[in-house]
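Inspection log for the structure reproduced underneath, given as structure tokens.
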Amino acid sequence: QVHLVESGGGLVQSGGSLRLSCAAFGVIFPMNAMAWYRQAPGKQRELIAKLTSSGSTWYLDSVKGRFTIARGNAKNTVDLQMNSLRPEDTAVYYCNGENSRISEFAWGQGTQVTVSS
């Protein structure tokens, strides 16, 4: 069973930066894509960035130009570089992935990002 672990969150002032990391443990079949999501208080979880195995990326409009998704240094890891953070970016950030067998793995604990104004 795949286990997802997110890290790197914290408290930052508006305009600041954070780098999140995600590691997927227990992966047997190659990942076709990995992605970052976030869930703000009282809102649904939303997809914000996706990276496919071919290197294609997709970003939610509100984070385009500010966030960058990239493969991590280790296998089955993905990072999210977040620049020019805004208070509305405050949320719990999660990662997930998909492969030929599973379209979505069990969610990890996430990592809290708080942006103060």
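The values are calculated or read from the model by the stated rules, or taken from the named source; none is laboratory data. All values reported here derive from a predicted model rather than from experimental measurement. Quick reminder, even Gly has a Cβ in these numbers, built from the backbone with ideal geometry, and neighbours come from all protein chains shown. Just so you know, the surface numbers come from the protein's heavy atoms only, side chains and all, with ligands and any DNA or RNA stripped out. Shrake-Rupley method; radii C 1.70, N 1.55, O 1.52, S 1.80 Å.
Criterion first (in contact with a Lys or Arg (Cβ under 6 Å, 6 or more places away or on another chain) and within 21 Å of Lys64 (Cβ to Cβ)) does Gly15 satisfy it? Against the criterion (in contact with a Lys or Arg (Cβ under 6 Å, 6 or more places away or on another chain) and within 21 Å of Lys64 (Cβ to Cβ)), Gly15 does not qualify.
Look at the range 8-41 and say how many of its residues are small (Gly, Ala, Ser) and touching a Cys at 6+ places or on another chain (Cβ under 8 Å). Outline the logic, then answer.
Here is the first cut: in the range 8-41, the residues small (Gly, Ala, Ser) are 8-10, 14-17, 21, 23-24, 26, 33, 35, 40.
In the following step, the residues that additionally are touching a Cys at 6+ places or on another chain (Cβ under 8 Å) were identified as 24, 35.
Looking only at that region, the number is 2.
If you go through the range 91-100 one residue at a time, do you hit one that is open to solvent by less than 20 Å² (accessible area, probe 1.4 Å), out of contact with any helix residue (DSSP H, G or I) (no Cβ under 9 Å at 6 or more places or on another chain), within 24 Å of Leu11 (Cα to Cα) and of a type in the set (Ser, Thr, Tyr)? The answer is yes, given that some residue of the range 91-100 is open to solvent by less than 20 Å² (accessible area, probe 1.4 Å), out of contact with any helix residue (DSSP H, G or I) (no Cβ under 9 Å at 6 or more places or on another chain), within 24 Å of Leu11 (Cα to Cα) and of a type in the set (Ser, Thr, Tyr).
Being of a type outside the set (A, V, I, L, M), in contact with a helix residue (DSSP H, G or I) (Cβ under 9 Å, 6 or more places away or on another chain) and assigned to a helix (DSSP H, G or I) is the filter here; which residues of the range 40-70 pass it? Answer for the range 40-70, where residues must be of a type outside the set (A, V, I, L, M), in contact with a helix residue (DSSP H, G or I) (Cβ under 9 Å, 6 or more places away or on another chain) and assigned to a helix (DSSP H, G or I): just Ser62. Residues in the range 1-45 that are touching a Phe, Trp or Tyr at 6+ places or on another chain (Cβ under 6 Å) and open to solvent by 40 Å² or more (accessible area, probe 1.4 Å): His3, Tyr37, Arg45.
Taking the numbered list (1) surrounded by fewer than 16 Cβ atoms within 10 Å (Cβ to Cβ); (2) closer than 17 Å to Thr114 by Cβ in turn, Thr52 passes all entries but (2).
Residues that are under 14 Å from the mean Cα position of the chain (by Cα) and either not hydroxyl-bearing (Ser, Thr, Tyr) or not in a strand (DSSP E or B) (or both) within the range 14-39 comprise Leu18, Arg19, Leu20, Cys22, Ala23, Ala24, Ala33, Met34, Ala35, Trp36, Arg38, Gln39, listed in sequence order. For Ala106, only one of the following conditions fails: (1) within 12 Å of the chain's Cα centre (by Cα); (2) assigned to a loop (DSSP other than H, G, I, E, B). What is its number? Unmet condition: (1).
If you go through the range 71-100 and keep only what is part of a strand (DSSP E or B), over 17 Å from Glu46 (Cα atoms) and free of Cβ contacts under 8 Å to residues at least 60 places away in the same chain, you end up with Arg71, Thr77, Val78.
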